[in-house]
Amino acid sequence: METITAYIGLGANVGETADTLRRALEMLSTRDGIQVWRISQFIKTQPVGGPEDQPPYLNAAAEIHTTLSPEELLAVLHEVESALGRDRSRELRWGPRTCDLDILLYGPEIIDQTNLTIPHPRMHERRFVLEPLAQIAPNAKHPTREKTITELLSELR
């Protein structure tokens, strides 16, 4: 099977956020078909959207090498979120969460399905995604905007 380089966004703002993100990365690294390659620094950010009174987020990005399909990878991310206490059926959109894992990029793939959009549809607008991603993949190209992560981040400033 072909190995794909993918980038995952991580975030949490409920509970012991740093521990949660570390546990998520550990859980991903033990899964068949996933190697966690590089991890950004954890950065504290203010919430975007959702309830105004929610606590700040801790965000990060990770480069992984995977033989999983995008759909299989998404299923694994959801399993890890659930194992760490996330209940998607009970949370508010953009509200507080114990663990949020998103596929940002999956090689050069462009996917637009009901439950899966790659590249992540709002990543180019979000500093909390681009800053950690730029630490580990400054020259990675956004496949639809045809700009590097560094270029997208500089456009936000």
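Summary table
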{"item": "Label zone at L116 (point 7 Å along Cα-to-Cβ), backbone N below 11 Å, the range 53-91", "result": "68-77"}
{"item": "The chain - charge dipole about Cα centre, Lys and Arg +1 at Cβ, Asp and Glu -1, debye rounded to 20", "result": "360 debye"}
{"item": "Equivalent-ellipsoid semi-axes of the range 4-156, from the Cα gyration tensor, Å, largest first", "result": "21, 19, 15"}
{"item": "Highest-first arrangement of 129-138, 33-42, 5-14, 62-71, where packing means the average Cβ count within 10 Å", "result": "5-14, 129-138, 62-71, 33-42"}
{"item": "Computed over the range 4-156: relative contact order in percent, which uses C-alpha pairs under 8 Å that are six or more apart", "result": "29 percent"}
{"item": "Span from the the range 80-157 Cα centroid across to the the range 1-59 one, whole angstrom", "result": "11 Å"}
{"item": "Local electrostatic count at T17 - Lys and Arg +1, Asp and Glu -1, tallied over other residues with Cβ under 14 Å", "result": "+1"}
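Taken together, the values in this text are just the output of simple stated rules run on the coordinates, not laboratory data. The structure presented is a predicted model; accordingly, all values stated were derived computationally and were not measured. Every residue, glycine as well, gets a Cβ built from its backbone with ideal geometry; the counts of neighbours run over all protein chains shown.
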